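Structure, as structure tokens:
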Amino acid sequence: MIQTSIITIGDELLIGQVIDTNSAWMAQQLNKSGIRVVRRIAVGDVWDEIWNALDQESKQADIILITGGLGPTADDITKPLLCKYFSGKMVVHDGALQNVINIFTNILKRPIIERNLKQAEVPDNCKVLLNKSGTAPGMWFEKGGKIFVSMPGVPNEMKGMMQDDVIPLLNNYFQFPHIAHRTLLTAGVGESFIAEMIEDFEKALPKHIKLAYLPNYGMVRLRLSSSGSEILSTEDEIQHYFISLQELVKEFLVTNKDEPMQQVVANLLVAKNQTISTAESCTGGYIAHLLTQKAGASAYYSGSIVSYSYKAKESLLEVSQSVLEINGAVSEEVVIQMAKGALKALNTDYTIAVSGIMGPDGGMKDKPVGTVWIAVGNFEQIVTQKFTFNFDRTRNVELTATFALNMLRKFILSLD
């Protein structure tokens, strides 16, 4: 099978200043085209480290994709290194030069300096991939039957080049198998419990079909993967096993698509032409953030009231002062009143209300860090549940959001 390595370049990746989202996105797109990624590595802006990475990856991969280090500053050393690595010499590429001039003259409307013009210089033995979103061109090299492609590290520039040039060229150059995936999402039980449930199913899978467990914040995704030369037979076979898998985990099944919990809730609301609001304390608007990540959220999402203090809960959500004083903000009585207040203020079909202690401080004997009350419901009914999450602040917030959305999902479905 044709194998691919991804090399990302930049000191900022190694010190954690910038999160490497490029290689994850690239791997997803390559996989859709049947191109298998076997390794992803990051190296700093160091000549020897980049050179050694090229040597090492070319020993085990047929395609080496590189991002980063193509800018106009002194620390961007990828282009001169590649020129030497492939024994070329620098020349000005007319198309790349015109692209630089056009960007500065017609788009940025700024004067061009010599440093900018040098972006149009490339090794004379590469195929140039013009950059439609920036000044640094991509470069395609061939050596010893291996393909090396260098692209900018700026995400939107790399993505455009991958979609418009790199993947189509690779598909013309190689014959890739068809890769099929099926993914479902479960919630409410852990990875070990799910594994026990489907143990016999997993053992009976053909060797060419792989099952992966992908746990995350109170949920477990299960992914079946297969590959083959025939698209229809590969898809039919994996679908057969996927139907069986869904039946085995149906009690905890959230969706049989590769989509997050918030999208499942959004789909339910859109299908019913209904809306949601949130009343958030401990999550600080994080549930609202999840619900509005995709365009078109206004079709189902009305708004949020983030009421962190007692005063805000009283004035914005009409939570009773006496209820707060007697029960405290982290209580069933308070989240019920928060939910009712949000329904009244924002006039939606459903709402979610949350109040908790996320940590690391603020815990009490009867309400330790991680204690959360969640309420979901509509004008006719409010249901509540108490949780205790024993993790750090960030994970406690994310778990609260996940469990709240799942509670709402189940509430909506219970009304059918």
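None of the figures in this text is laboratory data; all of them are computed from the coordinates on show. What you see is a predicted model, and the numbers here were worked out from it, not measured in a lab. Glycine also receives a Cβ, built like all others from the backbone with ideal geometry; neighbour counts cover every protein chain displayed.
Any chance you could check the Cα centroid distance between segment 58-126 and segment 197-224 for me, in angstrom? So the separation of the two Cα centres works out to 44 Å.
Can you list the residues of segment 123-165 with backbone N under 15 Å from a point 7 Å past the Cα of ILE107, pointing along Cα to Cβ? Under 15 Å, as judged by backbone N against the label point of ILE107, lie 129-138, 152-162, 164 of segment 123-165.
Placing +1 on the Cβ of every Lys and Arg and -1 on the Cβ of every Asp and Glu, with no other charges, gives segment 1-124 a dipole of roughly 400 debye about its Cα centre.
Put simply, when 40-52, 400-412 are sorted by average Cβ atoms within 10 angstrom per residue, most first, you get 400-412, 40-52. The Cβ shell under 11 Å around GLU259 holds other residues with a net charge of +2, Lys and Arg each +1, Asp and Glu each -1.
Here LYS143 is the anchor, and the lysines within straight C-alpha reach of less than 27 Å, apart from those fewer than 8 places off in the same chain, are LYS32, LYS59, LYS79, LYS84, LYS89, LYS118, LYS127, LYS132, LYS159. Charge tally for LEU415 (other residues, Cβ to Cβ under 15 Å; Lys, Arg +1; Asp, Glu -1): 0. Rg over Rh for segment 178-255 works out to 0.97, using Cα positions for both radii and the Kirkwood form for Rh.
Which of the pairs LYS272/LYS410; LYS109/LYS294; LYS250/LYS272; LYS344/LYS365 have their Cα atoms more than 25 Å apart in this structure?
Over 25 Å Cα-Cα: LYS109/LYS294; LYS344/LYS365.
Here the gap between LYS410 and ASP258, fully extended at 0.36 nm per residue and compared with their Cα-Cα distance, gives a gain of 52.8 nm. Near GLY153: Cβ cut-off under 15 Å, other residues only, Lys/Arg at +1 and Asp/Glu at -1. The net charge is -4. For segment 3-173, with the dipole built from +1 on Lys and Arg beta-carbon atoms and -1 on Asp and Glu ones, taken about the Cα centre, which of LEU97, ILE112, SER58 lies farthest toward the positive end? Final value for the positive-end residue is LEU97.
The residue list ILE374, ALA24, ASN347 was ranked by how far each Cα lies along the charge dipole of the chain toward its positive end, using unit charges on Cβ atoms, and ASN347 comes out on top.
Give me the one-decimal Kirkwood hydrodynamic radius in Å for the chain, with the sum taken over alpha-carbon pairs. Radius from the Kirkwood sum: 25.0 Å. Qualifying chymotrypsin sites (Phe, Trp or Tyr not before Pro) in segment 297-376, where qualification requires a DSSP coil assignment and no more than 10 other C-beta atoms within 10 Å, are lacking entirely. Measuring how big segment 3-173 is from its alpha-carbon positions, Rg and Dmax come out at 15.2, 45 Å.
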